[in-house]
Amino acid sequence: MDAFDELWRGGPRFMQTEDSFKLSTDSVLLADFANMKRVRSCLDLGSGAGVLCVLLASKNPDALITGIEIQPKCAELSRRNLAENKMNGRADIITADLREHRSLIKAESFDIVVSNPPYFTENSGYSAPASHRASAREEKSCTLQDICAAAKWALRWGGIFSLVHRPERLSEVFCAMAEAGIEPKRLRMVSHSALKAPSLVLIEGKRGGRKGLKIEAPLILTNADGSDSDEVQRIYKRGAYAPDRKGTKL
């Protein structure tokens, strides 16, 4: 029997299988970072198991979500996760190569584009033995430039592009965004603790935006004693932020 795990009590539910990545912090943090206010259409490039699609649909019930995923098994898992969360009519998954974006989606038709892309260039180090895991980890199916080109095509003028990546590739991210006509506007570093160097970076760009980058306070995941920081508790609805059985904050 299929088993779905709740992200928090009464919250979104996701199936995790041996063939797919486990639910990662990266997508949860990106969903929290992404500005979904007044968004009516959202595109997830490389939607994987549909975690971002579900979380963003939960964040803005008025938004219509589209995901593009090249791996059929992941796309099917994404659809099952959407169905489990009763979001069939609000989200659609396209099984296709995002590099073919011009034939898949209408130009300038989305308010926001999000992506949790492969972090590493191909042949840059360890490669996962399973092809689907290697594709999700390395730029085998698409590069950073491919992601930004697809985002540019999809975004309306003034639309927002939000992604999560590795700090060591931040200059490449900025260059790829700028080449696609997407101006970096907001940046937030993520660190495991206040004494650790950042391990992730959350970036927001604006198509046709003016120059000017806002650097936000870092997101610290744990306190000095190793417990969840207050912000992580808020994001994951734990501790004082945990909903009661009626879905309200305690």
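The values are calculated or read from the model by the stated rules, or taken from the named source; none is laboratory data. Source: prediction; values computed, not measured. Note that we place each Cβ from the backbone using ideal geometry, even for glycine, and neighbour counts take in every protein chain shown.
The set of residues from the range 81-97 being under 19 Å from LYS59 (Cβ atoms) and surrounded by 13 or more Cβ atoms within 10 Å (Cβ to Cβ) comprises ASN81, LEU82, GLU84, ASN85, MET87, ARG90, ALA91, ASP92, ILE93.
Only one entry of LEU64, LEU55, LEU104, LEU98 meets the criterion of being closer than 30 Å to GLN233 by Cβ and aliphatic (A, V, I, L, M), and that entry is LEU55.
The single condition among (1) surrounded by fewer than 20 Cβ atoms within 10 Å (Cβ to Cβ); (2) modelled with pLDDT under 95; (3) of a type outside the set (S, T, N, Q); (4) not in a loop (DSSP other than H, G, I, E, B) that ALA136 does not satisfy is (1).
Of all the criteria given as (1) under 17 Å from ILE147 (Cβ atoms); (2) surrounded by 15 or more Cβ atoms within 10 Å (Cβ to Cβ), the one not satisfied by GLU100 is (2).
For the range 84-128, the set of residues classified as of a type in the set (Val, Ile, Thr) and either at pLDDT 95 or above or within 22 Å of GLY181 (Cβ to Cβ) (or both) consists of ILE93, ILE94, THR95, ILE105, ILE112, VAL113, VAL114, listed by residue number. State all residues of the range 175-218 that are part of a strand (DSSP E or B), among the aliphatic types (A, V, I, L, M) and either more than 15 Å from LEU163 (Cβ to Cβ) or at pLDDT below 95 (or both); if no residue qualifies, say none. Across the range 175-218, the qualifying residue is only ILE215.
Can you tell which of GLU168, GLU204, GLU216, GLU179 is surrounded by 15 or more Cβ atoms within 10 Å (Cβ to Cβ) and not β-branched (Val, Ile, Thr)? First the steps, then the outcome.
Working: GLU168 fails: surrounded by 15 or more Cβ atoms within 10 Å (Cβ to Cβ); GLU216 fails: surrounded by 15 or more Cβ atoms within 10 Å (Cβ to Cβ); GLU179 fails: surrounded by 15 or more Cβ atoms within 10 Å (Cβ to Cβ).
Answer to the check: GLU204.
Taking residues in the range 155-175 that are without any contact (Cβ under 8 Å) to a residue 40 or more places away in the chain and over 26 Å from SER41 (Cα atoms), and partners anywhere that are not hydroxyl-bearing (Ser, Thr, Tyr) and not in a helix (DSSP H, G or I), the pairs with Cβ atoms closer than 7 Å and at least 6 places apart or on different chains are PRO167/MET189; PRO167/PRO198; PRO167/VAL201; LEU170/VAL201.
Looking at LEU55, is it crowded, with 20+ Cβ neighbours inside 10 Å, under 13 Å from the mean Cα position of the chain (by Cα) and not polar (S, T, N, Q)? Walk me through how you get there before you give the answer.
Numbers: crowded, with 20+ Cβ neighbours inside 10 Å: yes; under 13 Å from the mean Cα position of the chain (by Cα): yes; not polar (S, T, N, Q): yes.
When the stated conditions are applied, LEU55 passes them.
Quick check on this structure: which one of ASN60, ASN35, ASN81 is in contact with a Phe, Trp or Tyr (Cβ under 8 Å, 6 or more places away or on another chain) and either polar (S, T, N, Q) or at pLDDT 95 or above (or both)? None of the other options fit; the residue is ASN81.
Tell me, please, whether a residue that is within 20 Å of SER115 (Cα to Cα), of a type in the set (S, T, N, Q), in contact with a Ser or Thr (Cβ under 9 Å, 6 or more places away or on another chain) and in a strand (DSSP E or B) can be found in the range 157-171.
Step one: list which residues in the range 157-171 are within 20 Å of SER115 (Cα to Cα), which gives 157-171.
Still in the running and of a type in the set (S, T, N, Q): 162, 171.
Those left that are additionally in contact with a Ser or Thr (Cβ under 9 Å, 6 or more places away or on another chain): 162.
Now narrow it down to the ones that are in a strand (DSSP E or B): 162.
Yes; the residues of the range 157-171 include at least one that is within 20 Å of SER115 (Cα to Cα), of a type in the set (S, T, N, Q), in contact with a Ser or Thr (Cβ under 9 Å, 6 or more places away or on another chain) and in a strand (DSSP E or B).
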